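Below you'll find the structure, written out as structure tokens, and then a few comments.
Just so you know, all these numbers are worked out from the coordinates, no wet-lab data involved. Everything numeric here is computed off the predicted structure, so don't read it as measured data. All Cβ positions, glycine included, derive from the backbone under ideal geometry; neighbour counts span all protein chains shown.
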Amino acid sequence: MLSIASNSSFGKRFGVSLILGLPGIVALVGYIFLTTPPSAIPTGLTLLLLAVSSGVNSLLFLGLACLFGAYAAPRVGLRSYVIDGTGTDGGIWQRLRKDVGLAVRIGIIGGVLIVVLDALLMPFVAQDLPQSVIGATRPTLLDVFAYVPVRFLYGGITEELMLRFGLMSVIAFVGWRVTGHRTDGPGPAVMWAAIVVSAVLFGVGHLPALAQSVDLTPALIARTVLLNAVAGVLLGWLYWQRSLEAAMVGHAAFHVPLVVLSLVQVALL
């Protein structure tokens, strides 16, 4: 069975990946607690309970993703220098250095592409969506900077652990086993299927949060899934061809144009 070089046991891979995802969950809980208006708190919940329950739900998803990813990822050749313990001899930075530039470029280009696609698709959903998914119509400087830790920690790290390390790795592993080619690694067709399916599910995963503020329509669903799936495909390719860390860097860089756009909105509105 194919595997990548790893200095870590299954338990260590699970533990390290789980720890990596915790700061993002803390950032999410803090953001919800500090920015949720009283009118948005569901009946029967306090603000603290709302924030903590959101964190607990995310923690459960993270735990499952780390559990499955710790088993599946090394078996299909998907690497993480930190989780696999393969960056301890020469240093993680030395291994990542050649990937960072590419990851940043792909992330920024992807972020700009999403902004452009968002603008092009807006006329088709303007009647359904009173504000762009990128941010509020009238954001404040506090809103922009309060959301930055969520973008970079939860989005850049925690979501990559859930969607790439967990989901994409499992899909690739299942696809590899189902095709019957168990002595070789998963081929490009299996890997692309894993990338696309996990990217689409990444887009679908954004629908519940959107549904809390607007009524979902077919056009709005298609737009939301498409915008997020584009990012998911780019990040999935980075995970496959480079490393999970490269996908994390790319995801963080993806948010840079979105933060800049939000700051422009603050300046102009």
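Data table
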read-out	value
Over region 15-101, relative contact order from alpha-carbon pairs under 8 Å, at least 6 apart, %	29
Per-residue Cβ neighbour rank within 10 angstrom, fewest leading, Ile83, Ile109	Ile109, Ile83
Centre separation in Å (Cα based) which lies between region 28-93 and region 191-253	16
Diffusion coefficient, µm² s⁻¹, Stokes-Einstein with Kirkwood Rh over alpha-carbon pairs of the chain at 10 °C and 1.306 mPa s	82
Candidates Ala51, Ala252, Ala72: whichever shows maximal mean-square fluctuation once the chain is modelled as a Gaussian network with Cα springs under 10 Å	Ala51
Mean Cβ neighbour count within 10 Å, used as a protection proxy, ranking 150-160, 222-232, 55-65 highest first	150-160, 222-232, 55-65
Arg79 long-range amide H proximity, modeled H, under 5 Å	Leu244
Within the chain: Cβ-based charge dipole about Cα centre, in debye rounded to nearest 20 (Lys, Arg +1; Asp, Glu -1)	600
Residue-averaged [θ]222 nm for the chain, counting only DSSP H segments that reach four residues, each worth -39500 (n - 2.57)	-23000 deg cm²/dmol
Helix 188-204 axis, angle to the chain major axis (alpha carbon atoms, nearest 10°)	20
Which of Val266, Leu28, Leu201, positive extreme of dipole for the chain (C-beta unit charges)	Leu201
Net charge, Trp93 excluded, C-beta distance under 11 Å - Lys, Arg +1, Asp, Glu -1	+1
